[in-house]
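A short write-up of the structure that comes next.
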Amino acid sequence: EAGVVQSPRYKIIEKKQPVAFWCNPISGHNTLYWYRQNLGQGPELLIRYENEEAVDDSQLPKDRFSAERLKGVDSTLKIQPAELGDSAVYLCASSSYGWTSGRASTDTQYFGPGTRLTVL
Amino acid sequence: QKEVEQNSGPLSVPEGAIASLNCTYSDRVSQSFFWYRQYSGKSPELIMSIYSNGDKEDGRFTAQLNKASQYVSLLIRDSQPSDSATYLCAVNWGYNFNKFYFGSGTKLNVKP
């Protein structure tokens, strides 16, 4: 089974330029996550999709970040314009959830290889 | 207050020793707990998941969960230099089962 696919793996841009990241989750996973990870820190959630609906985007800097997940499969995260502080690793992850005995539960999430963004 | 707390380390152990990594979490309706390993420059990879109080063993790894004390730990027996990495603890809550909170990770160094 193929894992979570992300592209590009590395991106170097100058500040104020736009940048976009792409993610294709594991087949059948209905939940997709975008995280940002700074050096020495754990992943920080930016946005979470359940199918094509963004159900949690409270940490997404909406003035410059946008995301979409058309048709509930692959997703794109965009930054426009990029700032120096956006340099980080952007991780995509996916998981599936279901209902057991009337209770929602989620399978674990699996991460893609990430995109390392450097803003100069 | 952070949701999930970990000692950043580094934790240094000699090869063959037991490495003990700890994680505490805030008082919520916790549901599931996960340990991820992250090598430098790589993405997190799942090592263990645990849902119930007690121990869960998988090879050289044992996860321990104590919900009353709000901590989860990971023991690595017979530590190898290849175990040197950052270990991330992640938790999701019963009321928001599909959202994962990560600690900042503990860096483990296993010395030959």
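Where a number appears in this text, it was derived from the coordinates with a stated rule and is not lab data. Here the structure is a predicted model, which means the values were calculated and not measured. No Cβ is skipped: glycine too gets one built from the backbone with ideal geometry, and neighbour counts run over all protein chains shown.
Rounded to the nearest 0.05, what FRET efficiency do B:SER82 and B:TYR51 give with R0 = 41 Å and r taken as the Cβ-Cβ distance? Could you check? Please report the intermediate quantities before stating the final value.
Values: r = 28 Å, r/R0 = 0.67.
Efficiency at R0 = 41 Å is approximately 0.90.
Taking the Cβ of A:PHE111 as the center, what net charge do the other residues with Cβ under 12 Å away carry, scoring Lys and Arg +1 and Asp and Glu -1?
Numbers: positive: B:ARG37, B:LYS42; negative: B:GLU45.
That sum, taken over residues with Cβ under 12 Å, equals +1.
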So what's the gap between the Cα centers of region B:51-109 and region A:36-92, to the nearest angstrom? 25
Cα gyration tensor of the protein assembly as shown, axes a ≥ b ≥ c as square roots of the eigenvalues: rounded (a/c below 1.5), prolate (a/b > b/c) or oblate? oblate
Antiparallel DSSP beta bridges within chain A, as percent of all bridges there, nearest 5: 90
Taking a crude spin-label model, label points 7 Å out from Cα along the C-beta direction, the A:LYS78 to B:ALA17 distance in nm is 5.2
Over the Cα atoms of chain A, each weighted equally, I'd like the Debye log10 I(q)/I(0) at q = 0.18, 0.23 Å⁻¹, rounded to two decimals. -0.89, -1.38
Ranked from highest to lowest mean number of other Cβ atoms within 10 Å per residue, what is the order of the peptides A:41-52, A:19-30, A:61-72, A:76-87? A:41-52, A:19-30, A:76-87, A:61-72
Normalised contact order of chain A, rounded percent, pairs of Cα under 8 Å and 6 or more residues apart: 35
